[in-house]
Amino acid sequence: MNSGTLIVLTLLDLGTSPGVRAAEESADLQQRLGELVAETNRHLSRIVFDSERGARQLYPKIRIRLLDINPIIMEAMNSLNTSEPFTYHNVNIKPRSVYNYAYHDLWNPSTIVHYALAEEIVKLLQDL
């Protein structure tokens, strides 16, 4: 690839996901998961930005941007139910209830959350 734009997304810290909350010793798991994701994202940042061996240095004609998705996702989930995943197996379910949940299942953020991330990616691309 000689030119173009590459958007690199950081890893999402799933430490607050319903899957981690439901696990045994969830507090320890949440902390460890957060540490591992933060460490991985730091390494990812070095891979992109390192002055000598980073992707920007190796491929100067490519516009490379690193987008930290964690603040975007946390903001999108701010007013949503993050403690339990959405389910259709509920007596009181209403047609638009799905829009109140941050997760489709124990691990995967909902379409609403993905939409907020997509909006930020579009803004980033428009600002290039």
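May I ask you to list, by number, the DSSP H helices of the chain whose Cα span along the axis is at least 18 Å and whose average Kyte-Doolittle hydropathy reaches -1.0 or more?
On the way: long enough: 26-49 (34 Å, -0.25); 111-126 (22 Å, 0.80).
Qualifying helices, which must be both long enough and hydrophobic enough, are 26-49, 111-126.
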Worksheet item: What 222 nm value per residue comes from the helices of the chain, counting each DSSP H run with n ≥ 4 as -39,500 (n - 2.57) and dividing by all residues, nearest 500 deg cm²/dmol?
Response: -13500 deg cm²/dmol
Worksheet item: Using a simple spin-label model with points 7 Å from Cα along the Cα→Cβ vector, what separation in nm is obtained for L128 and D68?
Response: 2.2
Worksheet item: Under a plain spin-label model, where a point goes 7 Å from the Cα along Cα-to-Cβ, how far apart in nm are Y59 and S83?
Response: 4.4
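Pull out the extension gain between N2 and V98, defined as 0.36 nm times the separation in residues minus the alpha carbon to alpha carbon distance; nm, one decimal. Kindly include the intermediate steps, with their values, before the conclusion.
Values: separation 96, 0.36 × 96 = 34.56 nm, distance 4.31 nm.
Residue separation times 0.36 nm, minus the Cα-Cα distance, leaves 30.3 nm.
So what's Rg/Rh here for the chain, counting alpha carbon atoms and using the Kirkwood radius for Rh? Walk me through the numbers before you get to the answer.
Details: Rg = 17.7 Å, Rh = 16.6 Å.
Result for the chain is an Rg/Rh of 1.07.
All of the numbers you see were taken from the coordinates with simple rules; none came from a lab. All figures in this text were calculated on a predicted structure; none of them were measured in a lab. All Cβ positions, even for glycine, are placed from backbone atoms using ideal geometry, and neighbour counts span all protein chains on display.
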